[in-house]
C-alpha cells in the first residue's frame, strides 16, 4: 500500500466558497443570534455533541463580519488563562492578554466551548461581562476594560445528565439568552450530509435514517445519540470508496459504544440500512 | 438395549421428519440483547421485554413422517403482546447458521413495524393482512432488509408443504400464504375454508400481533398476581407460559365433574373444576412447565384466592408496629396507560423501627470497618493545589512573576507566593434508600439472607461515610398498596451516625412489597432540602418494583421511571445498585445505561457499596 494510492481529497465541507462556513438553519436561530448581537446580549447554546453548535457560531461570526475567539474549556482552566497573565521575556515581565481580554479589546465573539468543564470559580470572571455593565476588570494590571458594541460572549454546553454533577451555576446561566440545539430532522440532515461531503443523495438519505433509528436508543442503550458529525465521517469515508457498511462500523458503531452486544445490535441496524 | 434403539430411532426419525438443523441453530438466549436493542432502534416500544415464546399445539396438518416422529406437534410461534415480544427459543429451520440468525432479526424488525401501525385498522383485518403490510413497510424503510427477506423466503418456502400435497381447500389457503410471503401485500382476500379444516401451518416469518384478550392487563387491574412467582422456571426462566382466559365453570360445587367421566382427559389438559379453595399452598413449578397453557379463570363475586392466602402480610396491630413519625405525606403516582400524574395518589408514612436499642458495631464487621475508614479518610483528603498561599511546598510561579512586576512598578508586592496541597470541599450529600420488602427475606447463602447483607452494607456504608465527612442519610422502605408506603428513617442528615442509628439499622426487618416510585419521590423530597451542590440518591434494590395492587410489571416500572426522571429534573443524581441478576433490561429503562450497577454475588454488597460510593463521588 503506497501513499499515492490515497490522493488527498479537498477538505470536506467548511468554506462554502463565499467565506462563511456553511450552516443549515433549523429554526430562527440565525435571526435570534443576530438580534442578540445587535442588542449586546450574551448567548448560551446547549445541545448534544456534534449537532452543529461550533459550526453555527463560526458561521455567525463570519456572517456578522466579526472575529471569533474560541476557548475550549477544561477543568484546569483558570481565570488567568482567560484574562491573561504576566510572562517573563528577557528579564522583563510582560503582560499578555488572554483570549477573553483580546476579544474585549478588539471586539468580536468570544466563544467558550463546553463551559461546564471549567471550574465554577473560573466562570465567575464572566459575570460583569455578561450583564448590562459589559466590563472586564483586570485586577493584575488595574485596568477596567469596557466592551465595544461588537463584542459578544457565547458559551455552549451539552446538557446530558452525565454532566449533572458538574452543571452550570444558576447565577451564570441566568445571564444568557439561551438557544437549544438538537439534531435536525432526517430530510434536513440528509441535505447537510450531501452539502458537507458531496455524497450521493441516496447515501445521505439512508445515513440520516440510520441516525434516526439509533437516536431511539438514546438514554436507554446508548449514553449519547449519534451526532451529525459522525454521519459526516461515515459519508466521507464512503465517498472515498469504502463500503458503506464498513464505514458505518468504524465511523458510527464503534464510536458510539464499547459494549459488544450493543455494537452487534447497532451493526445489525446498519445492515438493515445498507446490506 | 431397547432404550438405546429407541433413542436411535427417535433421532433418525425426527431428523428425517423435521428437516431441522440443530448444528446451525440460532438461540434466543445468545441473541436476546442485540435483538432487543435492534427492536428498539427500529422504533419498537422501549417498554417491551424480549421473552421466549410459549409452546403451542397449532394442530395443523403435518406430513406423514412428522406425525410418526411426533415432531412439529409443539411449535413456538412468535407473537407480541402488550408486555413482551416473544420469539422462539431456538430457530434451526435453515442449514445456514447466518440464515437462522437473520430470521431472528427479521422477526424483530417486523415486530417493530407492527408496533408502528396506528390502531384504526381496516375492517375484517386479520394477522396475515397486518403481517403483509408490516413486511412491506420493513422492506420500504429498511432497504438492507430486502435481500435478507428474499433469502429467508427462498429458503423457507420449500420447507412448507406444497399445496398439491394438501386437500383442496387447504391447498388454496396454503397457496395464498405462500403467495403472501413471496409477494407481500398481494393477497387481499383469503380463500374460505370449511369449518372443520385444520388450521394452516404457522408461518415462521410472521408474528402474531397483540392477541385480543389482555389477560395480564386484566389480572393486574384486578390487583392480583403480585405476590405470585413471576413465571420463572427453575432452569433460568427460559420458557414462559401462555395464559389463556377461560370462563369459570358455572356449577356451584367444587370438585363436581361437569363432563362425562368416560371420556378420559390426560393430565395436561384443563379440567373445568371449580377449585374455589386452593388446597395446595406451594404451586409445583414442574407441573406448570408440563402444561402448554395455564388457564386462569377469574373466581366469581370478585373473590380472590390471593386475598385470602395473603393474610399473613397484613399490617401488625398498632401496638406492635413501628413508630410513626408525623402524619404522613401524600405523593403523586404516574399512570402510564393514561399518561398522567395522579396527584395525591399514594400515602407515605415516615417510620422508625420500634424496639430498637442503641448498639455498637458488631465485632465481626470491625476489621472491615476499620479498613474502610482508613480508605475513606483518604477520600476526604482528596486534595488539590491551592495557589497564592503564604506558605506551601512549592513556589507559585504566577504569584512570583506578579510580585516581580509589582516591585518593578514600585507597588507593594504580595506575599502569598506559594502553592499548597489543600483539602477540597466535597460539597456532597447522599441519601441511601434500601429495599426492605419481603423479598429480602430470601437466602443468598447458607449463612445469610438478603436482609442480613443489606444490614451489614448499611452499617459499613455509615462507617465509611462518617470518615469522609459527607452529609448522608440512610432510609429503607416497603409498602402495602398505595395507602401505606412505609418509609423508615434510619439515619437523618442532621443526626450523627452513632449507636442509635446503628440500633435502627439492626432493627430492620423484611416485610411487604416494593412500591419503589413512591419511595424515590419521598427520598427526593428529603434530599432536595439539602443545600449541597451535588446530591446523590443511591438506591439499593433486589428486584422489580411491585405491590399488591396494579403496581406490577409495566405499571410499576413506568411509575418508577417517572420518579427517577423527576429526581433528575430536581438536580439529584439517582443511581441504583442491584443484586437482581436478571435486572439488566428494566434497570436500563429505569436508570439509563450508566445509572445502575449490578452485583453478581449479593454477599459482596457490604464491601462493594462503599467502594461504589467512592467511585461515584470521585
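Just so it is clear, none of the values below were taken in a lab; they were calculated from the coordinates. All figures in this text were calculated on a predicted structure; none of them were measured in a lab. Cβ placement follows ideal geometry from the backbone for every residue including glycine, while neighbour counts extend to all protein chains displayed.
Name the residues of region A:238-254 whose amide N is less than 18 Å from a point 7 angstrom out from the Cα of residue A:5 along the C-beta direction?
Once the point is set 7 Å along Cα→Cβ of residue A:5, A:238-244, A:246-247 turn out to lie under 18 Å by backbone N, inside region A:238-254.
Between residue A:89 and residue B:407, what's the calculated FRET efficiency when r is the beta-carbon distance and R0 is 22 Å? Round to 0.05.
Efficiency, from the Cβ-Cβ distance: 0.85.
R0 = 25 Å: FRET efficiency of residue B:400 with residue A:174, Cβ-based, nearest 0.05?
Efficiency for this residue pair is about 0.10.
Just to be sure I understand the model, the point goes 7 Å from the Cα along the line to the Cβ. What's the resulting residue B:338 to residue A:258 distance in nm?
4.5
Working from Cα positions, state the angle (0 to 90°, nearest 10) between the long axis of helix A:29-38 and the longest principal axis of chain A.
Approximately 10 degrees, to the nearest ten.
So how tilted is helix A:201-215 from the main axis of chain A? Cα-based, degrees 0 to 90, rounded to 10.
70
What average count of beta carbons from other chains do you get within 10 Å of the Cβ of residues in A:260-267?
Mean inter-chain Cβ contacts per residue within 10 Å come to 5.
Quantify how strongly other chains surround peptide B:38-47 by giving the mean number of their Cβ atoms within 10 Å of each of its Cβ atoms.
That average works out to 5.
What is the distance in Å between the Cα centroid of region A:59-96 and that of region B:78-109?
The distance from the Cα centre of region A:59-96 to that of region B:78-109 comes to 59 Å.
Which ordering of B:456, B:45, A:132 is given by a fewest-first count of other beta-carbon atoms within 10 Å? Mind showing how you got there, number by number?
Numbers: B:456 21, B:45 14, A:132 9.
Starting with the residue having the fewest Cβ neighbours, the order is A:132, B:45, B:456.
Given the convex hull of the Cα atoms of region B:383-423, what is a quarter of its surface area in nm²?
Values: hull surface 9.9 nm².
About 2.5 nm², averaged over all directions.
Listing A:104, A:144 from the residue with the fewest other Cβ atoms within 10 Å to the one with the most, what is the order? Mind showing how you got there, number by number?
On the way: A:104 25, A:144 12.
By the 10 Å Cβ count, ascending, the order reads A:144, A:104.
222 nm [θ] for chain A, helices only, -39500 (n - 2.57) per DSSP H run of 4+, per residue, to 500?
Calculated at 222 nm, the ellipticity per residue is -11000 deg cm²/dmol.
Which residue, A:61, A:208, A:36, tops the fluctuation ranking in a GNM of chain A built on C-alpha contacts under 10 Å?
Its mean-square fluctuation being the largest, the pick is A:36.
For chain A, take the alpha-carbon Rg, divide it by the Kirkwood Rh, and send me Rg/Rh.
1.03
So if the hydrodynamic radius of region B:570-618 is defined as the Kirkwood radius over C-alpha pairs, what does Stokes-Einstein give as its diffusion coefficient at 10 °C and 1.306 mPa s, in µm² per second?
138
7 Å from Cα along Cα→Cβ at both residue B:160 and residue B:74: what's the point-to-point distance in nm?
Reported label-point gap for residue B:160 and residue B:74 is 2.6 nm.
What's the average, rounded to a whole number, of partner chain beta-carbon atoms within 10 Å of each residue's beta-carbon in B:28-34?
3
Could you give me the percent of Cα pairs per 10 Å distance bin for region B:387-515, shortest bin first, beginning at zero and ending with the bin that holds the maximum distance?
Bins of 10 Å from zero give 12, 27, 19, 10, 11, 12, 7, 3 percent of pairs.
Distances over 18 Å make up what percent of all Cα-Cα pairs in region A:194-255?
Looking at region A:194-255, the distances longer than 18 Å represent 27 percent of pairs.
Taking the alpha-carbon set of region A:1-146, what are its Rg and Dmax in Å?
Final numbers for Rg and Dmax: 18.5, 61 Å.
Just order B:156-163, A:228-235, B:140-147 by mean Cβ neighbour count inside 10 Å, highest at the front, would you?
A:228-235, B:140-147, B:156-163
Mind checking the angle between helix A:228-239 and chain A's longest principal axis? C-alpha axes, 0 to 90 degrees, to the nearest 10.
Its long axis makes an angle of about 50 degrees.
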